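K.L.:
The following block contains the structure, expressed as structure tokens.
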Amino acid sequence: MNNYDIKDINSAPSGHMKIRWVRENMPILRSLEEEFEKEKPFKGIRICLSVHLEAKTAYLCKVLAAGGADMSITGSNVLSTQDDVAAALADSGLKVYAVHGESQKDYKRHIEMCLEHRPNIIIDDGCDLVTFLHKERPDLAKDVWGGCEETTTGIIRLKAMGREGVLRFPMIAVNDADCKHLFDNRYGTGQSTWESIMHNTNLIVAGKTVVVVGYGWCSKGIAMRAAAMGAQVVVTEINPVKAMEAKMDGFSVMTMSKAAPLGDFFVTATGCCKTITVEHMLTMKDGAILANAGHFDTEIDMAGLVKSAKSVRESRNNITGYTLDNGKTVHVLAEGRLVNIAASNGHPAEIMDLSFAVQALSALYVKDHYKELPRNVVDVSNKIDDRIAGMKLKSWGIEIDELTEEQKKYLQSWDV
């Protein structure tokens, strides 16, 4: 098998430049790279990775390779691969199978090519690798010790597999680690989603009404940033506790049916399907803008919209306008795919430094503990979270207090 299937190996210099830039701004991964180079903890171990293939992901791959890992790499979204970054990894001797804008057929073909290297450890984003292996190539499962999952959506799928008893190996819930979801999901998604929306639309946010669909950690960041830029924020939810939290955070809360006529911008981030339907779109303002910050392109009913639209046009680069039966047009960013990376550069490097440090150390945890782990979704060890947080604080030059022995004893006592 070829070691790579990419668009153009000659674009590697641009990719190398991007990777150098993020490396300079990812101090935790730099520390792990130095440690891994000395200790080679992944020597002889095959790791298969499917994550949005851009510069931060590429640096994670190089860190794992520095630890001795035999890496095979593919993307996790047909629009998020950066071809020059893929070329840089291939130029560095890693196995890479991904092309920006590839068909769904080629996307699946690249997943299979990646898996053909018979991984011991899987690093997944959205559970596409794991799902494909279970459905299409179950013969490969015997070599897999376990893996790590990056996203909320992926963990939802993995937990369903665990409940049904079909998951063949343990998967670490990287998304649920404190050093991931509290920072990546909230601050990373909040900033990168609005960077993408503002860059692609060239429109002001202040004074607009923004409808945020869902109020999980990603949506909290999106709502927080919209409010900070002067927008009126409306939240829709199905969870009464999260709806109450959104209200107490100062946002209006209502059903999507009531919110649809009010919004100028709509942003989804739920991990569910059809949170915005064609029926909702028919009641929206002419020119309403829709963006999805969830992993899959099902949160906005794109299939229904394409089927029912009277006409379709390119409104602007990365923006498609759909004219409905009532004559109104709604504009959808990035084909309803993950807007912050399908139409932009994804999360800031400093945020992904945290998330990918969790990935790297969780992969190491799988290597060391897979024989004792259940074939189910497994939480990230608190020791990993604490280590990463300590490394981040150190990189900022921050010191914090430690408990005294007297305080430890006090906190462990009931008769005080």
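K.L.:
Please go through the stretch 137-170 and give me each residue that is without any contact (Cβ under 8 Å) to a residue 24 or more places away in the chain and within 22 Å of the chain's Cα centre (by Cα), ordered by number.
P.N.:
Answer for the stretch 137-170, where residues must be without any contact (Cβ under 8 Å) to a residue 24 or more places away in the chain and within 22 Å of the chain's Cα centre (by Cα): just Ala160.
K.L.:
Which of (1) free of Cβ contacts under 8 Å to residues at least 24 places away in the same chain; (2) buried (at least 18 other Cβ atoms within 10 Å of the Cβ) is the odd one out, the single condition Ala343 does not satisfy?
P.N.:
Unmet for Ala343, out of (1) free of Cβ contacts under 8 Å to residues at least 24 places away in the same chain; (2) buried (at least 18 other Cβ atoms within 10 Å of the Cβ): (1).
K.L.:
Which pairs have Cβ atoms under 9 Å, sit 6 or more apart or on different chains, and link a residue in the stretch 218-230 that is more than 20 Å from Cys179 (Cα to Cα) and of a type in the set (A, V, I, L, M) to one that is in a helix (DSSP H, G or I) and open to solvent by 30 Å² or more (accessible area, probe 1.4 Å)?
P.N.:
Hits for this filter: Met229/Met198.
K.L.:
Can you list the helices (runs of 4 or more DSSP H) lying wholly within the stretch 348-416 that have 2 or more residues being in contact (Cβ under 8 Å) with a residue 40 or more places away in the chain and over 19 Å from the mean Cα position of the chain (by Cα)?
P.N.:
Details: elements: 349-369, 382-395, 405-411.
It comes to 349-369, 382-395.
K.L.:
Next question, about the same structure. Being among the charged types (D, E, K, R), within 28 Å of Ala342 (Cβ to Cβ), surrounded by 14 or more Cβ atoms within 10 Å (Cβ to Cβ) and out of contact with any Ser or Thr (no Cβ under 9 Å at 6 or more places or on another chain), is that true of even one residue in the stretch 11-26? Write out each step before concluding.
P.N.:
To start, the set of residues in the stretch 11-26 that are among the charged types (D, E, K, R) comprises 18, 20, 23-24.
Right, trim to within 28 Å of Ala342 (Cβ to Cβ) and you get 18, 20, 23-24.
Next, from what is left, pick out any that are surrounded by 14 or more Cβ atoms within 10 Å (Cβ to Cβ): 18, 23.
In the following step, the residues that additionally are out of contact with any Ser or Thr (no Cβ under 9 Å at 6 or more places or on another chain) were identified as 18, 23.
So far as the stretch 11-26 goes, yes, one or more of its residues are among the charged types (D, E, K, R), within 28 Å of Ala342 (Cβ to Cβ), surrounded by 14 or more Cβ atoms within 10 Å (Cβ to Cβ) and out of contact with any Ser or Thr (no Cβ under 9 Å at 6 or more places or on another chain).
K.L.:
Go through the stretch 279-301 and give me each residue that's open to solvent by 20 Å² or more (accessible area, probe 1.4 Å) and not charged (D, E, K, R).
P.N.:
Matches in the stretch 279-301: His280, Leu282, Thr283, Gly287, Phe296, Thr298.
K.L.:
So which residues in the stretch 168-188 are among the aliphatic types (A, V, I, L, M) and closer than 18 Å to Ala363 by Cα? Can you show your working first?
P.N.:
Within the stretch 168-188, the first condition is being among the aliphatic types (A, V, I, L, M), and the residues that meet it are 171-174, 177, 182.
Within the stretch 168-188, Met171, Ile172, Ala173, Val174, Ala177 meet the criteria.
K.L.:
A further question follows. For the stretch 328-339, which residues satisfy the criterion of being open to solvent by less than 10 Å² (accessible area, probe 1.4 Å) and not in a strand (DSSP E or B)?
P.N.:
Residues satisfying the conditions are Ala334, Gly336, Val339.
K.L.:
Of everything in the stretch 308-321 that's farther than 20 Å from Val78 by Cα and free of Cβ contacts under 8 Å to residues at least 12 places away in the same chain, which residue is surrounded by the most Cβ atoms within 10 Å (Cβ to Cβ)? Before you say what the answer is, go through the steps one by one.
P.N.:
Our first condition is that a residue be farther than 20 Å from Val78 by Cα; within the stretch 308-321, this holds for 308-313, 315, 321.
Going one step further and asking which of them are free of Cβ contacts under 8 Å to residues at least 12 places away in the same chain, we end up with 312-313, 321.
Details: Val312: 14, Arg313: 12, Gly321: 17.
Ranking the qualifying residues of the stretch 308-321, first place goes to Gly321.
K.L.:
Taking the stated definitions as given, is Lys135 of a type outside the set (S, T, N, Q), under 17 Å from Pro374 (Cα atoms) and surrounded by fewer than 24 Cβ atoms within 10 Å (Cβ to Cβ)? Walk me through how you get there before you give the answer.
P.N.:
Working: of a type outside the set (S, T, N, Q): yes; under 17 Å from Pro374 (Cα atoms): no; surrounded by fewer than 24 Cβ atoms within 10 Å (Cβ to Cβ): yes.
Here the answer is no, as Lys135 does not meet what is asked.
K.L.:
Let me ask something additional. Taking the conditions exactly as written (open to solvent by 50 Å² or more (accessible area, probe 1.4 Å) and under 14 Å from Met352 (Cβ atoms)), does Lys62 satisfy them or not? First the steps, then the outcome.
P.N.:
Values: open to solvent by 50 Å² or more (accessible area, probe 1.4 Å): yes; under 14 Å from Met352 (Cβ atoms): yes.
Here the answer is yes, as Lys62 does meet what is asked.
K.L.:
Right, another one. When you go through Ser80, Ser31, Ser14 one by one, which is the residue that is among the hydroxyl-bearing types (Ser, Thr, Tyr), outside any strand (DSSP E or B) and in contact with a Gly (Cβ under 9 Å, 6 or more places away or on another chain)? Spell out the reasoning first.
P.N.:
Details: Ser31 fails: in contact with a Gly (Cβ under 9 Å, 6 or more places away or on another chain); Ser14 fails: in contact with a Gly (Cβ under 9 Å, 6 or more places away or on another chain).
After applying the criteria, what remains is Ser80.
K.L.:
Of the residues Thr268, Thr275, which is of a type in the set (S, T, N, Q) and open to solvent by less than 10 Å² (accessible area, probe 1.4 Å)? Steps first, answer last, please.
P.N.:
Numbers: Thr275 fails: open to solvent by less than 10 Å² (accessible area, probe 1.4 Å).
Of Thr268, Thr275, the one residue that is of a type in the set (S, T, N, Q) and open to solvent by less than 10 Å² (accessible area, probe 1.4 Å) is Thr268.
The values are calculated or read from the model by the stated rules, or taken from the named source; none is laboratory data. Quantities reported herein were computed from a predicted structural model and do not represent experimental measurements. Here Cβ is always computed from backbone atoms with ideal geometry, including for glycine, and neighbour counts include all displayed protein chains. Each accessible area value is taken on the protein alone, full model and side chains, heavy atoms only, with ligands, DNA and RNA left out. Shrake-Rupley method; radii C 1.70, N 1.55, O 1.52, S 1.80 Å.
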